[in-house]
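Trainee: Here's a structure for you.
FYI, it's all coordinate maths here, none of it is from the lab. What you see is a predicted model; the values in this text were computed from it and never measured. In this analysis, Cβ positions are derived from the backbone assuming ideal geometry, glycine residues included, and neighbour counts consider all displayed protein chains.
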């Protein structure tokens, strides 16, 4: 009987161990199944329309997915690159995108024409534009007035909004007594393929260009600079030259209907700006994983050249808003609606905050 009792006890312990082992294995299988299901479940998607790619002023947007700033907020960001800020705003208002990045003067232009885009975060801390001229015209074009009758490329506008680069070109021409209607305007995307093609083909005599594309073309001896917003001489000729360029924007209805999505997008962008502030230009370029060595070198050179280009935290600056208002009004002297529009009315600092 004692032997039978011992055998029975041993059998019961073995049964319990086997049962516990089976339960543990089942739990592991359930956990693995749940993990696999979670991995297969796509993250909520946000679509952001932006000029580019690899345009210096909009570079933080290209960096978002590379550093995982979107995934840290439980979002998958999809970029919709365009030829200009006005097209990005059109994608926003036509609901092809949830958010857009464009120059604040372009957002103000859209508002005058009935648009409802609202700036929610400042991406840039300085505006960078270069008026570059084909090298073959060096003896002909020495001042803005010499551009009379010439073909000039500017970033693509839309019927509802004039791009910031187009507005800047008109201001520069007018400072030299030239009516903007005395030049021919050609759409030029804010990317390397389009800007370089206009110069290489000779289709355009000049381009209101962006970096790093302008410096890359100059290094190849294909253009020279007639104006540069980083040059104090140019700045002195442009009212409101310290305007806010790249600005994250969304629609009024999205702000009202899904403020959590707006808050997430602001946090994603702020994470990216803070990452840039904490890393070197070399680390930024490496993160972008650019394969073309020439493009990579040009971008790195410009990041080192232009200091304090990006906002550190996305807050709107009172100074920048005042400069933007001054710049925009200078571009539309004959429009009462433009003259009365305040920059404050096309932004909200609810999520990004404000500084002076």
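Trainee: Going out from 0 in 5 Å bins, what whole percent of all Cα-Cα distances in the range 56-202 drops into each bin?
Mentor: Reading upward from the zero bin: 2, 9, 16, 19, 19, 14, 10, 6, 3, 2, 1, 0.
Trainee: Could you rank the peptides 54-63, 314-323 by their average count of other C-beta atoms within 10 Å per residue, with the highest value first?
Mentor: In decreasing order of mean packing, 54-63, 314-323 become 54-63, 314-323.
Trainee: OK, next. Could you give the semi-axes, largest first, of the ellipsoid that matches the range 130-235, computed as the square roots of 5 times the alpha carbon gyration tensor eigenvalues and rounded to whole Å?
Mentor: Semi-axes, largest first: 18, 17, 14 Å.
Trainee: What do the square roots of 5 times the Cα gyration tensor eigenvalues come to for the range 277-352, in whole Å, largest first, as semi-axes of the equivalent ellipsoid?
Mentor: 35, 17, 10
Trainee: Could I ask something else about it? Once every DSSP H run of n ≥ 4 in the chain is given -39500 (n - 2.57) and the sum is divided by its residues, what mean residue ellipticity at 222 nm do you get, rounded to the nearest 500 deg cm²/dmol?
Mentor: -14000 deg cm²/dmol
Trainee: As I understand it, the value is the acute angle between the Cα axis of helix 164-175 and the longest principal axis of the Cα atoms of the chain; what does it come to in degrees, rounded to 10?
Mentor: Orientation of helix 164-175: about 20 degrees from the principal axis.
Trainee: Mean-square fluctuation check for the chain, GNM, Cα pairs under 10 Å: which of 191, 221, 113 is largest?
Mentor: Maximum among the listed residues: 221.
Trainee: Using the basic label-point model (7 angstrom from Cα toward the beta carbon), what is the residue 313 to residue 335 distance in nanometres?
Mentor: 3.4 nm
Trainee: I've got another one for you. Plugging the Kirkwood radius over Cα pairs into Stokes-Einstein for the range 69-130, at a temperature of 10 °C and a viscosity of 1.306 mPa s, what D comes out in µm²/s?
Mentor: My calculation gives 123 µm²/s for D.
Trainee: Binned at 5 Å from 0, what are the whole-percent values of the Cα-Cα distance distribution for the range 195-316, short to long?
Mentor: 2, 8, 14, 16, 17, 16, 13, 8, 4, 1, 0
Trainee: Can you pull the one-decimal nm distance between simple spin-label points at residue 304 and residue 221, each 7 Å off the Cα toward Cβ?
Mentor: Each label point lies 7 Å from its Cα, and together they span 2.3 nm.
Trainee: Using a simple spin-label model with points 7 Å from Cα along the Cα→Cβ vector, what separation in nm is obtained for residue 80 and residue 283?
Mentor: 3.4 nm
Trainee: Right, next: Once the Cα atoms of helix 318-331 and of the chain are each reduced to a long axis, what angle between those two axes, in degrees from 0 to 90 to the nearest 10, is obtained?
Mentor: Helix 318-331 sits roughly 40 degrees off the main axis of the chain.
Trainee: Also, I was wondering about something else. Please report, to one decimal in angstroms, the Kirkwood hydrodynamic radius of the range 111-177 built from all distinct Cα-Cα pairs.
Mentor: 14.5 Å
Trainee: Subtracting the Cα-Cα distance from 0.36 nm times the residue separation, let me have the gained length for residue 345 to residue 140 in nm, one decimal.
Mentor: So the extension gain works out to 69.5 nm.
Trainee: Follow-up question, since we're still on this one. Tally the DSSP beta bridges in the range 130-235 and give the antiparallel ones as a percent, rounded to 5.
Mentor: Counting DSSP beta bridges with both partners in the range 130-235, the antiparallel share is about 60 percent.
Trainee: Among 78, 140, 195, determine the one that fluctuates most according to a GNM of the chain built with springs between C-alpha atoms less than 10 Å apart.
Mentor: Maximum fluctuation in the GNM of the chain, among the listed residues, is at 140.
Trainee: May I pose another question? Mind checking the full-extension length gain between residue 235 and residue 71? Use 0.36 nm per residue of separation minus the Cα-Cα distance, one decimal, nm.
Mentor: Residue separation times 0.36 nm, minus the Cα-Cα distance, leaves 55.1 nm.
Trainee: If you take every DSSP beta bridge whose two residues both sit in the chain, what share of them, in percent to the nearest 5, is antiparallel?
Mentor: 55 percent
Trainee: Measure nothing fancy, just the Cα-based angle from helix 293-305's long axis to the longest principal axis of the chain, in degrees from 0 to 90, nearest 10.
Mentor: Roughly 70 degrees between the two axes.
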